[in-house]
């Protein structure tokens, strides 16, 4: 086995073991009994990379370097994550009342059955964010530093899906905010808000009155039926599996690649939010499909994309279908229910894209005060400084999410131009989507959008049609 083959095998073994360990964690396997992760960090792996350098195509080499830098970051975060998890498990107290952190998070997301009063939620979330922020910032700064140092030592260039340069990304995020300020102001006034805080905005998007229309049972069968005209039924049945729900720190569905192209798992979050959980399931199915439809000929570095903006964009694109009245009509919804669901879906996608755009700008600004200003502008509701700073510091994926969400809006524009408004019912749409995502990490979402002839202005223009 030559150096290049050994390097590829090292990367594949690391990813496979890490995916298995994650599933074991979600299934309640004790840490000492989980499969060991062979972290590709340290001089030995850097020497192997150097030995294989000249035998690897440049783009694959850059992608492998990005995978190793990401592994270095994740490895550096392990000890800090344990401390932060412990902090989250500490009970929250407000006067004589005590709540678990899980109950507080559930209430913040308006999970069915969660009953922490909103004023208490606001106080406790701000206090918890303020208390955890110093350790979180320390963890993120250290992880980014060691990852950056690793990337420099490897002497690689940015990989294909790294996206635009930082300055251009900030400019695009600012343009999206500028272009959708009036749209979000209009959408938010049509939502049934009962106050001016950021939690009131989230509550308005929740739609608990329609929960009976979106039961957890058979949810993934329903959303699969929504996209059956696209011709992906075989891939969904044979390559995508839904795992039992998890109660992890982040209330998001997780996508786990067990075997590239062949076995992709969706691990839904256990919080039940009715219509929002329906949208999250549809987005997760799209993301999983975007990874299950990859070409089998792709090397490991591209078949487990570092950033995966194309599969993320497919997920958001499919989620936008819940903003189509015909989808709800086909499910037998009443006219008033359809109107509420369409408004909430469209408003949520616009808001989430604006929040990610604000985080992109705030990350570059590196200022807690600026973070609060930007997130307050994005939501058009006051976001306290500790909450804003914690939100910006707690994720490194806002840039990828913004790129994917804005691209998905552009893709919708292109698909509607080619296949009419009900593009999701046109059997020709499926093969086009398959071609768009089949290249995995070897192409960026911006390159795919350019192939479709759309860009950020088309994304903003399409979003404005929802006003």
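Coordinate-derived values only; no laboratory data. Worth saying up front: this structure is predicted, and the values here are computed from it rather than measured. All Cβ positions, glycine included, derive from the backbone under ideal geometry; neighbour counts span all protein chains shown.
One Cα centroid belongs to region 133-152, the other to region 240-255; the line between them spans 26 Å. In plain terms, the chain from residue 30 to residue 457 could stretch by 148.8 nm, reckoned as 0.36 nm per residue minus the Cα-Cα distance. Computed from the C-alpha gyration tensor, the three semi-axes of the ellipsoid equivalent to the chain are 33, 28, 22 Å, from longest to shortest.
Taken as Cα centroids, region 64-80 and region 434-464 sit 28 Å apart, rounded to the nearest whole angstrom. Kirkwood analysis of the Cα pair distances in region 325-409 returns a hydrodynamic radius of 14.1 Å. Only Cα sites of region 128-201 enter the Debye sum here, all with the same form factor; the resulting log10 I(q)/I(0) across q = 0.15, 0.20, 0.24 1/Å is -0.92, -1.00, -1.05, listed in q order.
Could you let me know the centre-to-centre spacing of region 261-280 and region 390-408, using Cα atoms, in angstrom? If we compute the Cα centre of each part, the gap is 19 Å. For region 263-344, a Kirkwood hydrodynamic radius built from all Cα pairs, placed in the Stokes-Einstein relation at 4 °C and 1.567 mPa s, yields a translational diffusion coefficient of 91 µm²/s. Its relative contact order, with pairs defined as Cα atoms under 8 Å and 6+ residues apart, puts the chain at 19 percent.
Relative to the current alpha-carbon distance between residue 126 and residue 78, full extension at 0.36 nm per residue lengthens the span by 14.8 nm. Quote the FRET efficiency, to the nearest 0.05, computed for residue 145 versus residue 330 with a Förster distance R0 of 51 Å and r equal to the Cβ-Cβ distance. According to the calculation, E is roughly 0.50.
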